[in-house]
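Working notes for the structure below.
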Amino acid sequence: MYRVVELDVPATMTDDRAKVRAFQEWVDVSNRSEVAVHGLAELAWKAEEQLPLQHDPEAPSRLFVVRDETADSEDGGIVVAAGAYDSKTAEGTPNCWISIGVDPEHRRRGIGTLLADHIEGIARAEGRTQWKTYAVSRQVGPAAGPGYVVAPTGFGAVPADEPGVRFLTGRGWRFGQVNRISRLALPADHSVVQTLHERASTAAGPDYRVHSWTGRTPTEWQAGIALLETRMSTDAPEGDMEEPEDVWTVERLQEHEEHLEDSPRTLLTVAVEHVPSTTLVGFTQLSVPDDRDQPVFQWDTLVLREHRGHRLGWLLKVVGIETIERDHPGHPSIVTFNAEENRPMLDVNEAVGFVGVGSEGIWERKV
């Protein structure tokens, strides 16, 4: 017998033992379900790293597991699937994010359908009309033709025979976009990075200045980072899956960064200032694990539309790489996700040595 259970997410990893154990099981199954598709064990996150991300008051996460109650366990059955329901608390927000992962050894038993029915039911009950999900794929690099589901953007595709693709298509979800997963092996080629840094600095000229910091954003730049985070929801490529503006305030930024300090990771921010206006016009953030055997993840990267064309994206990328290698040496790689249609950013990645290692499809369902 299978049963869907909502987790009481622990506040910290030293919280009640039963809560922590249940959360660890959720992380383990989530990791196994994705690695079974793309084969990239390097992308798995630890529970200690995941937990702070679940406590954003502006975007709370509800976590679920499916337990097989026929199997012996002190918690009432082993965990065979994991899911999440994420939404924004802002009044009138129509969208939400749903994720489903089934343990590879327990697939084709209706477990994913059971969990999806449960979480989609919550979305309906809350009046969410735009659902999105991210489904990892084994596909490496662009593809097209028979046997593939092509993104409506015209860039990227995923194999039609993948279980996740069949599952989502069968439930009425629409394929919208492909993100390329790229990896830069470290140490990078110093001569290449240095040459690109010099070219980007020349193209940017004296009107732009780079700043970087770790941890919390300095007070003088908080309003600028909040604006850039807001513009991530309007300026980043979305295909035809438009989302409402996600407004960040200084207060939200401060609270978000406070939660991140509970993680065994360091947040490195590199930002570009437009000197004449003394405002930030671009940034990139890298999540650096304390464990040097793990890869660095490059998170949000954006240059405001009105300041593009000065190679600021190139400048952000190379300064980020140089800072990681100088201040956080020993990590095996930097991993990043980019929309397949975002050719300017892919050009930067490829120039410094990133190679595609996988992809994820972004799917949407409107109700």
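Each reported figure results from applying straightforward, stated rules to the coordinates on display, with no laboratory input. Remember, it's a predicted structure, so these values are computed and weren't measured experimentally. For neighbour counting, all protein chains shown are included, and Cβ atoms are generated from backbone atoms with ideal geometry for every residue, glycine included.
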What whole-number distance in Å separates the alpha-carbon centres of the stretch 188-248 and the stretch 26-61? 25
Check: the stretch 93-202 dipole with +1 on Lys, Arg Cβ and -1 on Asp, Glu Cβ, in debye: 240
Among A135, V79, S33, whose Cα lies farthest out toward the positive end of the dipole of the stretch 1-137, if unit charges sit on the beta carbon of Lys, Arg (+1) and Asp, Glu (-1)? A135
Of the GluC sites (Glu not before Pro) in the stretch 96-144, which ones lie in a loop per DSSP and count no more than 16 other C-beta atoms within 10 Å? E126
Between 0 and 90°, nearest 10: helix 190-204 axis offset from the chain longest Cα axis: 70
With +1 on the Cβ of every Lys and Arg and -1 on the Cβ of every Asp and Glu, and nothing else charged, how large is the dipole of the stretch 2-128 about its Cα centre, in debye rounded to the nearest 20? 360
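Quick one: putting +1 on the C-beta of Lys and Arg, -1 on the C-beta of Asp and Glu, what dipole do you get for the chain around its Cα centre, in Debye to the nearest 20?
Result for the chain is approximately 1060 debye, rounded to the nearest 20.
Can you tally the net charge around T230? Count Lys and Arg as +1, Asp and Glu as -1, for every other residue whose Cβ sits under 14 Å from the Cβ of T230.
Working: positive: K88, R231, R252, R305; negative: E58, E229, D235, E243, E245, D246, E251, D300.
Result for the neighbourhood of T230: -4.
Quick check: residue separation of H190 and T14 times 0.36 nm, minus the Cα distance between them. What number comes out in nm? List each step's numbers first, then the result.
Working: separation 176, 0.36 × 176 = 63.36 nm, distance 4.18 nm.
Once the chain is fully extended between H190 and T14, it gains 59.2 nm.
What shape does the stretch 108-212 take by its C-alpha gyration tensor, where a ≥ b ≥ c are the square roots of the eigenvalues and a/c under 1.5 counts as rounded, a/b above b/c as prolate, and the rest as oblate?
Working: a/c = 2.81, a/b = 2.01, b/c = 1.40.
Judged from the Cα gyration tensor, the stretch 108-212 comes out prolate (a/c at least 1.5, a/b above b/c).
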Other residues with Cβ under 11 Å from the Cβ of V352 give, with Lys and Arg +1 and Asp and Glu -1, a net charge of -3
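Which whole-number percent is the relative contact order of the stretch 33-95 (Cα, under 8 Å, 6+ apart)?
Numbers: 60 pairs, mean separation 16.9, N = 63.
Rounded, it is 27 percent for the stretch 33-95.
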Angle between the Cα long axis of helix 17-38 and the longest principal axis of the chain, 0 to 90 degrees, nearest 10? 70
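To the nearest 0.05, how large is the calculated FRET efficiency for T202 and R343 if R₀ is 30 Å and r is the Cβ-Cβ distance?
Efficiency, from the Cβ-Cβ distance: 0.85.
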Degrees between helix 222-235 axis and first principal axis of the chain (Cα, 0 to 90, nearest 10): 60
Expected sort for K19, K88 with the fewest Cβ neighbours (10 Å cutoff) up front is K19, K88
Span per principal axis, largest first, for the Cα atoms of the stretch 2-128 (Å): 42, 34, 31
For a footprinting-style exposure proxy, rank V250, V318 by other Cβ within 10 Å, fewest first. V250, V318
